[in-house]
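The values are calculated or read from the model by the stated rules, or taken from the named source; none is laboratory data. It should be emphasised that the depicted structure is a prediction, and the values quoted were computed from it without experimental measurement. Positions of Cβ are generated from backbone atoms using ideal geometry, with glycine treated the same way; all protein chains shown enter the neighbour counts.
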Amino acid sequence: MPQQDPSPVAIVLRTITLHEGAVEDDFEQFMLKELFPTVQTGPEDKPDQHFLLRSEDPYVWMSRLTYEIHQTPFPVWLADRVHEMYETVREKVERFGTQTSSEVFYDVALWRLQLGK
């Protein structure tokens, strides 16, 4: 089994429903080539990863964030980091569609490993 980075990971999901008349190709190009390369909330050695997912409608913006923990698997400052990440780009994204609030999930195995459980 490959060695896994022991840093805890949070996965953030945010749906984006395009406005009527929005051009899907323009939106996809914007997200992948303009927005994702500029959204970075973590340290340089552990950069955020962003994915644009789709099956039908809506799109899902998935972010993989690494972070440090101490006594809680989901510290308040991580919630603030997620909120700030989306707020800084909200207007740009909403030119194309409507966003939902974020759903944040943390990796239980890595959290337990960090706490020696």
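Inside segment 17-34, can you point out the residues that are among the hydrophobic types (A, V, I, L, M, F, W, C) and in contact with a strand residue (DSSP E or B) (Cβ under 8 Å, 6 or more places away or on another chain)? Answer for segment 17-34, where residues must be among the hydrophobic types (A, V, I, L, M, F, W, C) and in contact with a strand residue (DSSP E or B) (Cβ under 8 Å, 6 or more places away or on another chain): 18, 22, 27, 31, 32. Tell me, yes or no, whether segment 59-67 has at least one residue that is modelled with pLDDT under 90 and farther than 11 Å from residue 10 by Cβ. Checked segment 59-67: no residue is modelled with pLDDT under 90 and farther than 11 Å from residue 10 by Cβ. For segment 19-41, check the following and say yes or no: at least one residue is of a type outside the set (S, T, N, Q), under 12 Å from the mean Cα position of the chain (by Cα) and closer than 18 Å to residue 7 by Cβ. Checked segment 19-41: no residue is of a type outside the set (S, T, N, Q), under 12 Å from the mean Cα position of the chain (by Cα) and closer than 18 Å to residue 7 by Cβ. Taken over segment 23-68, the residue count meeting the criterion of being in a loop (DSSP other than H, G, I, E, B), of a type in the set (A, V, I, L, M, F, W, C) and loosely packed, with under 14 Cβ neighbours inside 10 Å is 1.
Among the conditions (1) under 10 Å from the mean Cα position of the chain (by Cα); (2) under 18 Å from residue 105 (Cα atoms), the only one that residue 47 does not satisfy is (1).
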